[in-house]
Amino acid sequence: MHEQKHIVETVKTGIIESIRGTGEVVDAAIDTVSGTLVHTLKSTGAVGAALTGTVSDVLRGAILGTAHVGADIRGAAKGGVIGVIRTTQEIGVEATESISAGARAVVKSAAEVGGDLGSAARGAVEGSIAGAKEVGLRAEDAASAAASGAIKGAGEVSATAGEQVRHAVTGVIAGVKVVVKEPFKSEEQKAR
């Protein structure tokens, strides 16, 4: 728990300083997220659930920091997911699960700061497409992973949030047809 809080606070502080210094949200998010992830993952050797947990913590810090300075959460979502994809390529891990975890964290963090969940989710999908094209992944697969993760995160906030995000991330985004893969209901909803 302490390490998780430390990562969130480190990223939050880093993104606040970067945005205040440059005014550029997307690049600040890319640099802060990828730098923190590479350092953390290389020092801990995290894989599987530990990897997706670290991705979630880093993106939560990015959204909280962006909201703190009143900057564009959608831009931070986009840049954050690009940063995740760059990191997965650099350290040689499969990207889809990390993209999904990142988009889920973006939406939940946007809810935490009272941000527009649909806009944050769409930014995460846009980032997944841009990042995938940059590193040679299939943009459709990355977009599907981001959309599914965003919907899952929104569903954990509320049913209304889930519908809002589903509407925001379906269709054609940045020239890519986004196909949402089931299931994305939370474990609680499945048990009912």
query = Can you name the residue in the stretch 49-69 that is crowded, with 22+ Cβ neighbours inside 10 Å, closer than 18 Å to residue 95 by Cα and aliphatic (A, V, I, L, M) and, of all such residues, is modelled with the lowest pLDDT?
reply = 51
request  = Restrict the check to the stretch 42-50 and report whether at least one residue is touching a Ser or Thr at 6+ places or on another chain (Cβ under 6 Å) and not β-branched (Val, Ile, Thr).
outcome  = yes
ask   = Looking at (1) modelled with pLDDT under 95; (2) within 24 Å of residue 51 (Cβ to Cβ); (3) surrounded by fewer than 21 Cβ atoms within 10 Å (Cβ to Cβ), which is the one condition that is false for residue 111?
value = (1)
inquiry  = Just the residues that are open to solvent by 10 Å² or more (accessible area, probe 1.4 Å) and either at pLDDT below 95 or over 11 Å from residue 125 (Cα atoms) (or both), please, taken from the stretch 145-161.
reply    = 152, 155, 156, 157, 158, 159, 160
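A quick yes/no check of all residues on (1) closer than 26 Å to residue 116 by Cα; (2) in contact (Cβ under 8 Å) with a residue 40 or more places away in the chain; (3) open to solvent by 70 Å² or more (accessible area, probe 1.4 Å):
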{"position": "14", "(1), (2), (3)": "yes, yes, no"}
{"position": "25", "(1), (2), (3)": "yes, yes, no"}
{"position": "34", "(1), (2), (3)": "yes, yes, no"}
{"position": "41", "(1), (2), (3)": "no, yes, no"}
{"position": "47", "(1), (2), (3)": "no, yes, yes"}
{"position": "71", "(1), (2), (3)": "yes, yes, no"}
{"position": "82", "(1), (2), (3)": "yes, yes, no"}
inquiry  = Suppose the filter is buried (at least 24 other Cβ atoms within 10 Å of the Cβ), assigned to a helix (DSSP H, G or I) and at pLDDT 95 or above; does residue 124 pass it?
reply    = yes
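The values are calculated or read from the model by the stated rules, or taken from the named source; none is laboratory data. Keep in mind the model is a prediction, meaning the values are calculated, not measured. Cβ coordinates were reconstructed from backbone atoms using ideal geometry, including for glycine residues, and neighbour counts include every protein chain displayed. Surface areas here come from the heavy atoms of the whole protein model, side chains and all, with no ligands, DNA or RNA. Shrake-Rupley method; radii C 1.70, N 1.55, O 1.52, S 1.80 Å.
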